[in-house]
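K.L.:
The structure is given below, and queries will be raised subsequently.
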Amino acid sequence: MSPDSPSLLGALQSGASAVARRPGARRMLEDCWTPIRNAVELRFGDILLETLGPLAKSDDEDEARPAKHILLRDKAALQAFSEALHAEFKQAVADFCAHRAPDKASAAPGLSLIEYDAMEFSTRMESASARIRNAADDQFTAVKVRLANLVREPEVRDVENPFRPMIFLRAIYLGLERVGINEPDLLRTTKRFDSALVEPIAAAYAAVDRHLAAQGISADMTPAALTRNSAPRVPPTPFTNSVLSGYPNTQNAGAPNTLPTTTGGQFASGLAIDQVLHALYQSMQLVGAPSLPGAAAVSSAGHGSSGQRQASAAFAEADAAVPSAWPASVAALIAPRGPVDRELLAAIGEAQRMGAGGIVALPQQGAPSTAAAIDPALLRTQVSDKAARQVDKLTIEIVGLLFERIDHDGLVPSPIKEQLLRLQFPMIRVALTDPDLFVSPQQPARELLDRIAGTSIGWVPKGEHNERYLDEVRRAATTVLEATDEGLAPFQQALQQFEDYLRQANTRDDDPVARAKRALEEAETREVMAINATIQIRAAFEGVMLESYLRDFLLETWVRVLVAANQRESAQPGLMRHYLKLVPALVWTVQPKVDPEDKQRLARKVPPVLNALREGLALIEWPQSKAQEFFARLLNSHAQAVKALELANRTTAPFVPSTLGIKLDGITMSADAPPAEGEVGGRALPISDEVVEQLLAASRVGVKHVTAPEEPESGEDADLDRRVAAFRRGDWFDLTSGERVDRVQLRWLSPRRAIYLFATARDDKIFSMKPATLRALMRDRRIAPVEAELIFDRALRATMEALEHASGEAVAAA
């Protein structure tokens, strides 16, 4: 077979693609740790008794000694095993995602094999692993198929499977080593666990299978299933962009909506301006271009007006010489120039005052003429006549053409466009004095225009919120028009006022969006307080022996109880401290009890502890299914505490509740920004969807909290994060739910950007979501910005296309 044969090439491409997909699965694979841990730890006591119980009774001292030692330190053994298994699993996932096959001839990282060479370890462990693999074949195969589908590969080899039984055996080995089993006994004792591990490992595989199924990973082994899983996602209803009415389509109508690749758009550069000016020079016969076939040619491109024809004639008859090389003129336009003639500025000021007194709008064909309908093209001609330099005349005409495009923009509602058109002559003044207008998207005048247009897309003429928005737009335009300052200060002031309005958006207390904002802000505040409290409690637990499930419960669930109790301090003083004092009492109840007096005291302590736990969990409405599972495990811990023998040969100091209580007394509930460890991957706070939904329900606001399954990392996540970070209040989006598309506005971001709040123009539908959900929806094309290009950029694009079209017609006619 030749190297270029299709089958070989396809295999190589398939292999390369498979390798590329594995890194993106890392997050989802690591999330499988929780079901693995819950399945195995719950059965760990039985594993020890089944494996070591008979050995501890053996007459052979070499067998009995290590078994007794482990049983005496059963809780320490559980913790050591759990930590080792977690480390082994993470390493296995990392190796799998990096496409690194484990070295069969080497021992597990960190293993001390002084008297056993690596080959013996590998041989014995592989043999035991194979027995477990065969005994749990059904469950292992199910997970194996889902794993292959997750990374979109036809098959995953057992030796590189991150769920292979070997990681459990290596964790047993490491766990026994950490509790003090001597080297001669270590491997021999580890081997005895293979039979007892079959059931818990099978349970772990079943739990992982359910977890992956819940994430939408298929268990279908057919080629069709693999194709279906690997197909790129498409939106139920494609987004289409609006077409600028009556003009060439500059928005790619019918194509999926995509975000702009740059902040400033394609035309935020000198080169793009050069292209526009070149076309304009040609259309106005300023660089020896053939004569145009009359004004109708320009009109056919969407720009005909009596004012423009007069302007073209004025340019053609100008006395000033025009350079034969147009780039020199372009450089003069976008570079700093000398002072603008005072007579020209006075003419602009007069036109500006006319615009302030009435709406500057181009009369539509056939519409009756009124005093308020001022033809801006005629005003531009009068202003242009005052210009002594050709570059000033050219600048005036360019700004005029841009505003004609804005007048026909299909995304901006007419009442908003009327206010934007009033800014034409102040913009002409800026264009003459500040060349950054054509170069920088952050130029204040340009940014004000873009910001108002972008936030107006979904505006409707009804509703208090929409009326208030229109008033703010009028206020911004009036601030510019009535200013006496001729610089950029009026635009900067208007932009600042408008941004302040968007940030505050003051509403009535009973407004649904305002109530939703309060509930969501409280959810974020609670999350910050929970993170800060968790950090403090984790530090207090240093040196305290706890099973993983109980440690997680106290650091994740009970912390939320403390936060909820703290929020009720005004009505129930001391409630938070009451639940905080429960922590040392609960920890004491699960410690091993050897003294008969401690056992009797345990029987008295457990009922009030359980009652307090139930009361606290009711505060956060913890699901009943989770509560039942937790209390079942706690019951098992209490039973183990009574019959444990660990204290008989204790090497560590006994647990003293008062010591932990003193440490916990210093805990404060702070809503200050948490340390860096409270952040996840540099992203927003990992706020709980359950907390958000509970607070929204308690506030009785009609907000739909949108959630999305956690997805594996992909190469586009960084780009999505950047796009999400660029979203601003007031931006409009199309949100797809099933077959329905709602146009919604980003109305609020929580202070730490942990929650985004969207609402329709009439506030009849309100949605909240986390950044992770927003990224998932964007990846699936279920949410997309309506405005793919800022209005200044799209007006400039349309102007260039129309001028090039007119210039091309002129050349063809010649």
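The values are calculated or read from the model by the stated rules, or taken from the named source; none is laboratory data. Given the structure is predicted, the values throughout are model-derived calculations rather than measurements. Every residue, glycine as well, gets a Cβ built from its backbone with ideal geometry; the counts of neighbours run over all protein chains shown. SASA here: full protein model, heavy atoms, side chains in, ligands and nucleic acids out. Shrake-Rupley method; radii C 1.70, N 1.55, O 1.52, S 1.80 Å.
K.L.:
Given a 1.4 angstrom probe, what's the average accessible area per residue across segment 123-212, in square angstrom? Write out the running numbers ahead of the final one.
P.N.:
Working: 3170 Å² over 90 residues.
That works out to 35 Å² for each residue.
K.L.:
Right, another one. If you plug each phi of segment 421-433 into the Karplus form 6.51 cos²θ - 1.76 cosθ + 1.60 with θ = phi - 60°, what whole-Hz ³J(HN,Hα) values come out, in order, with x for Gly and Pro?
P.N.:
5, 5, 8, 4, 6, x, 5, 4, 4, 5, 4, 6, 10
K.L.:
Putting +1 on Lys and Arg Cβ atoms and -1 on Asp and Glu Cβ atoms, find which of Ala207, Gly180, Phe168 reaches farthest to the positive end of the dipole of segment 158-225.
P.N.:
With unit charges placed on the Cβ atoms, the residue in question is Gly180.
K.L.:
Just the number please: accessible area per residue for segment 28-68, 1.4 Å probe, all protein chains included, in Å².
P.N.:
Values: 1920 Å² over 41 residues.
Heavy-atom SASA per residue in segment 28-68 reads 47 Å².
K.L.:
Taking the simple approach of a point 7 Å from Cα along Cα-to-Cβ for both Thr34 and Gln572, what is their distance in nm?
P.N.:
2.6
K.L.:
I need the trypsin sites (Lys or Arg not before Pro) found in segment 455-516, filtered to DSSP loop residues with at most 16 other beta carbons within 10 Å of theirs.
P.N.:
On the way: sites: Lys462, Arg468, Arg474, Arg475, Arg503, Arg508, Arg515; in loops: Lys462, Arg508.
In loop regions of segment 455-516 (DSSP not H, G, I, E or B), the sparsely surrounded trypsin sites (Lys or Arg not before Pro) are Lys462, Arg508.
K.L.:
On to the next question. Using a 1.4 angstrom probe on the protein heavy atoms only, could you order Glu621, Glu404, Glu63 from most to least accessible area?
P.N.:
Values: Glu621 125, Glu404 15, Glu63 55 Å².
Descending accessible area places them as Glu621, Glu63, Glu404.
K.L.:
Ignoring ligands, DNA and RNA, please state the percent of accessible area on segment 133-219 from carbon and sulfur, probe 1.4 Å. Show your work: numbers first, answer last.
P.N.:
Values: 1350 of 3030 Å².
Reported share for carbon and sulfur atoms: 45 percent.
K.L.:
If packing is taken as the average count of other Cβ atoms within 10 Å, what order do 33-40, 425-432 fall into, highest mean first?
P.N.:
On the way: 33-40: 18.5, 425-432: 24.6.
Order by mean packing, descending: 425-432, 33-40.
K.L.:
Moving to a separate point now. Amide H to amide H under 5 Å from Ala784: which residues, 5+ apart in sequence or cross-chain, H placed 1.01 Å off N in plane?
P.N.:
Asp734
K.L.:
Taking a probe of 1.4 angstrom, what is the accessible area of Thr760 in Å², to the nearest 10?
P.N.:
Its accessible surface works out to 10 Å², give or take rounding.
K.L.:
How do 416-422, 138-144 rank on mean C-beta neighbours within 10 Å, highest first? Can you show the working numbers first?
P.N.:
Details: 416-422: 21.6, 138-144: 19.0.
Output ranking for 416-422, 138-144: 416-422, 138-144.
K.L.:
Next question, about the same structure. Would you please give the residues with an amide H less than 5 Å from that of Ser737, counting only those at least 5 places away or on a separate chain, with H modeled from the backbone geometry?
P.N.:
Asp742
K.L.:
Taking the alpha-carbon centroid of each part, what is the distance from segment 615-644 to segment 36-71 in angstrom?
P.N.:
Cα centres, segment 615-644 to segment 36-71: 25 Å.
K.L.:
At a 1.4 Å probe radius, carbon and sulfur cover how many percent of the accessible area of segment 500-642?
P.N.:
Working: 3290 of 6590 Å².
C and S fraction of accessible area: 50 percent.
K.L.:
Also: Whole-Hz ³J(HN,Hα) for each residue in segment 168-177, computed from phi via Karplus 6.51 cos²θ - 1.76 cosθ + 1.60 with θ = phi - 60°, x for glycine and proline: what do you get?
P.N.:
3J(HN,Hα) across segment 168-177, in whole Hz: 6, 5, 5, 5, 4, 4, 5, x, 5, 4.
K.L.:
Right, another one. Return the distance in nm (one decimal) between the two label points of a simple spin-label model at Asn636 and Glu464, each offset 7 Å from Cα along Cα→Cβ.
P.N.:
That separation, rounded to one decimal, is 5.6 nm.
K.L.:
Got a sec? What order do Asp436, Asp731 fall in by accessible area at 1.4 Å, biggest, i.e. largest, first?
P.N.:
On the way: Asp436 75, Asp731 40 Å².
Descending order: Asp436, Asp731.
K.L.:
What are the ³J(HN,Hα) couplings of segment 790-796, residue after residue, when phi is run through the Karplus curve with 6.51, -1.76, 1.60 and θ = phi - 60°? Round to Hz, x for glycine and proline.
P.N.:
Karplus values, whole Hz, x for Gly and Pro: 5, 4, 5, 5, 6, 5, 5.
K.L.:
Separate question: Are there any GluC sites (Glu not before Pro) in segment 420-516 that are in a DSSP loop and have at most 12 other Cβ atoms within 10 Å? List them by number. If you can, show how the numbers build up before the last one.
P.N.:
On the way: sites: Glu447, Glu464, Glu467, Glu472, Glu482, Glu486, Glu499; in loops: Glu482, Glu486.
Of the GluC sites (Glu not before Pro), the ones in loops of segment 420-516 whose Cβ has at most 12 other Cβ atoms within 10 Å are Glu482.
K.L.:
Once the piece of chain linking Arg157 and Gln624 is laid out straight, how much longer is it, given 0.36 nm per residue of separation minus the C-alpha distance between them?
P.N.:
Values: separation 467, 0.36 × 467 = 168.12 nm, distance 4.00 nm.
Fully extending the segment from Arg157 to Gln624 adds 164.1 nm.
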